[in-house]
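Notes follow once the structure below has been shown.
The values are calculated or read from the model by the stated rules, or taken from the named source; none is laboratory data. Because the structure is a prediction, the values reported are computed rather than measured. Every residue, glycine as well, gets a Cβ built from its backbone with ideal geometry; the counts of neighbours run over all protein chains shown. For the accessible areas, the whole protein counts, side chains as well, though only heavy atoms, and no ligand, DNA or RNA atoms are used. Shrake-Rupley method; radii C 1.70, N 1.55, O 1.52, S 1.80 Å.
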Amino acid sequence: MTVASHPAREHQRLQALKELDILYLPLEDRFDRITRTLCRLFDVPVAYLSLIDDETQWLKSIHGLDLISTPRSDALCQHTLLEDEYLICEDMTQDPRFADNPYVTGAPYARFYAGYLLKSREQNVGTLCIVDTKPRTFSEDDLSALADIASWAQTELNLTQISDAQVQLISELDEAYQQARIDSLTRLWNQGTIKQILHRAFQRHLLNLTPLSVLMIDADHFKKVNDTYGHTTGDKVLQNIASALRQALRPQDAIGRYGGEEFLIILDDCEPRQAAELAKRILSRVRTLRFPDVAANLKITLSIGIAGSSARGLESETDLMDLADRALYRAKNNGRDQICLLHSTEAQD
């Protein structure tokens, strides 16, 4: 297999990638919207946005395949980094750079590839790509459309849209520790990280006197899902719930997997009743989830407990979490598939 040489300014490229502070963030729906759009626009089975560091291709969004990362040496996009703008290969089996690549000789049996460079600080940090399982031609109009979507992706890539609490946490962690902060199944923050983010958000809430709300979410009767359909299906259900939750949030909101089937959402500068409106949208979105490939009759609902703190309503994030737990318990006790909201003024009820 042909391994691409490193770009001439590899050190500067890696430094620009590092300065983005995005490599080890959880998956974000703002990038998923882009890859979904690519698949619809070009009628291809696979589209992805990748960032490439010294050894690894990180997939910030991928539609059509269940991948998180690949070795850089296997990445189709390693060759695109050497181009000025883009790389088109209409039949990968006929190109010596790709003919024996594992993603060509094996699943997904890629035949067509089009990749457009994404830049930060004038450095090639990643690519936006589409892949088809059959050879195809690519017209000038097609290339123009891909360039437009890549411009959208590059704008999103260079925007810092996460909360200050998340930015602060990321900046304090070394690379290996950053990777360990992500839940491997859902690609959300894991429990330890989301609790740290909540601590920082609560301290800023006290300092700035801005409202803070949290959503504690539990998948209803999830043990029955695992017992009936198996843990593989259960994992797929959790991944789909996580995706639905991400799609409902603002970029600055923080979300983590808090337990086996529990999720925690932190809504900075958000009044509790605004949080309740968000929770209603989440319930509606999850009710529509279907799993025809693994469990055709399966339907999922959630119970959501919402806790909100006024400027000086609670003394610590522990109090806020206790309130959210109480609200979640009430939602479940009242029949599930619903929300319950408690304000900080009700903490002593």
Query raised in the report: Within the set of pairs 6+ apart or on separate chains, which have a first residue in region 129-157 that is open to solvent by 20 Å² or more (accessible area, probe 1.4 Å), a second that is among the basic types (Lys, Arg), and C-beta atoms under 7 Å apart?
Result: 133/111; 134/111; 135/111; 154/119; 156/30
Report task. Among the numbered conditions (1) over 30 Å from residue 259 (Cβ atoms); (2) under 19 Å from the mean Cα position of the chain (by Cα); (3) at pLDDT below 95, tell me where residue 144 comes up short. Result -> (2)
Query raised in the report: If you go through region 89-111 one residue at a time, do you hit one that is within 18 Å of residue 153 (Cα to Cα) and either among the small types (Gly, Ala, Ser) or open to solvent by 60 Å² or more (accessible area, probe 1.4 Å) (or both)?
Result: no
Query raised in the report: If you scan region 106-121, which residues turn out to be charged (D, E, K, R) and on the phi < 0 side of the Ramachandran plot?
Result: 111, 119
Report task. Examine region 332-341 for a residue that is surrounded by 15 or more Cβ atoms within 10 Å (Cβ to Cβ), touching a Gly at 6+ places or on another chain (Cβ under 7 Å), modelled with pLDDT of 90 or more and within 26 Å of residue 26 (Cα to Cα), and state whether such a residue exists. Result -> no
Requested in this report: Search region 307-335 for residues that are more than 17 Å from residue 199 (Cβ to Cβ) and hydrophobic (A, V, I, L, M, F, W, C) and pair each with any residue that is part of a loop (DSSP other than H, G, I, E, B) and at pLDDT 90 or above when their beta-carbon atoms are under 8 Å apart and the residues are at least 6 apart or on different chains.
Outcome: 331/338
Requested in this report: Could you name every one of the strands (runs of 3 or more DSSP E) located completely within region 72-162 that has at least 1 residues being under 17 Å from residue 60 (Cβ atoms) and out of contact with any strand residue (DSSP E or B) (no Cβ under 9 Å at 6 or more places or on another chain)?
Outcome: 123-132
Query raised in the report: Residues of region 194-219 being within 20 Å of the chain's Cα centre (by Cα) and either over 20 Å from residue 248 (Cβ atoms) or open to solvent by 80 Å² or more (accessible area, probe 1.4 Å) (or both), which ones?
Result: 195, 196
Query raised in the report: Residue check, residue 67 against (1) out of contact with any helix residue (DSSP H, G or I) (no Cβ under 7 Å at 6 or more places or on another chain); (2) surrounded by 21 or more Cβ atoms within 10 Å (Cβ to Cβ); (3) under 21 Å from residue 182 (Cβ atoms), all met but one. Which one?
Result: (2)
Query raised in the report: Can you find a residue in region 166-182 that is open to solvent by less than 10 Å² (accessible area, probe 1.4 Å), of a type in the set (Val, Ile, Thr), modelled with pLDDT under 90 and touching a helix residue (DSSP H, G or I) at 6+ places or on another chain (Cβ under 7 Å)?
Result: no
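Going by what's in this entry, would residue 3 be described as open to solvent by 60 Å² or more (accessible area, probe 1.4 Å) and assigned to a loop (DSSP other than H, G, I, E, B)?
Judged against the criteria, residue 3 is a match.
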Query raised in the report: For residue 104, which of the numbered conditions (1) free of Cβ contacts under 8 Å to residues at least 60 places away in the same chain; (2) within 19 Å of residue 10 (Cα to Cα); (3) not polar (S, T, N, Q) fails to hold?
Result: (2)
Query - Tally of residues being outside any strand (DSSP E or B), open to solvent by 10 Å² or more (accessible area, probe 1.4 Å) and either touching a Ser or Thr at 6+ places or on another chain (Cβ under 7 Å) or under 19 Å from residue 183 (Cα atoms) (or both) across region 31-61 - result: 2
